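Written out below as structure tokens is the structure these notes cover.
No lab work stands behind these numbers, since they all come straight from the coordinates. The shown structure was predicted, so the numbers you read here are calculated from the model rather than taken from an experiment.
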Amino acid sequence: MSQINVDTIALANGTEQARLVQVVSTEIRVDATGTTLIPWDGTIPLISDGDLYMTRTITPTNTNNTLKIDVSASMMGTGSANSGLTLFRDSAACIAGNYAHCIAYEVVRMSFTHYITGSLGTSSISFTVRGGGESGVGTFTFNGYAGSSKYAEVETSTITISEIRV
């Protein structure tokens, strides 16, 4: 097996262009359910919308660096035609999210990436991923199908945060 390890991208003259400073990740293999809705409308989701499924904390090393947050999750709703995932920074308003249109009892894999550049500070930052259906009566299943895990809990959902010096 081959392996390439790169932590710096530089021009031929040696001028550094970017450096991967740190990567933190959380992987969830168990299923969870919730019934708190996330409205699919023209408003920014609130920290009380949806249910909490993943969290990850990072402490930036430099306030001017960039954070790249990658979210990938398996989800299913039983009573809603739309299900969504949202990303929050600390307890502030939603900073990213995505909705999937699916029929009830359809499992969907959703992934999205969000960047935060500059003015990070050097204190710990917590990111949380919340999920839920848009409307109707039903249960939102994270990492499973109809309230239970499948594939003996090898189904995974992740949040990965990379700090990049640019």
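Structural remarks
- Across the range 158-166, rounded Karplus estimates of 3J(HN,Hα) from the backbone phi angles (6.51 cos²θ - 1.76 cosθ + 1.60, θ = phi - 60°) give 9, 10, 10, 10, 10, 9, 10, 8, 10 Hz, Gly and Pro being marked x.
- Long-range amide H partners of residue 22 with built H, under 5 Å: 163
- Restricting the calculation to Cα atoms, the range 22-165 yields a radius of gyration followed by a Dmax of 15.2, 46 Å.
- Taking amide H positions as modeled 1.01 Å from N, with prolines and chain starts lacking one, the residues under 5 Å from residue 31 and 5 or more places away or on another chain are 149.
- Residues whose amide H comes within less than 5 Å of that of residue 77, counting only those at least five positions distant or on another chain, are 105, 106, 141 (H built at 1.01 Å from N in the peptide plane).
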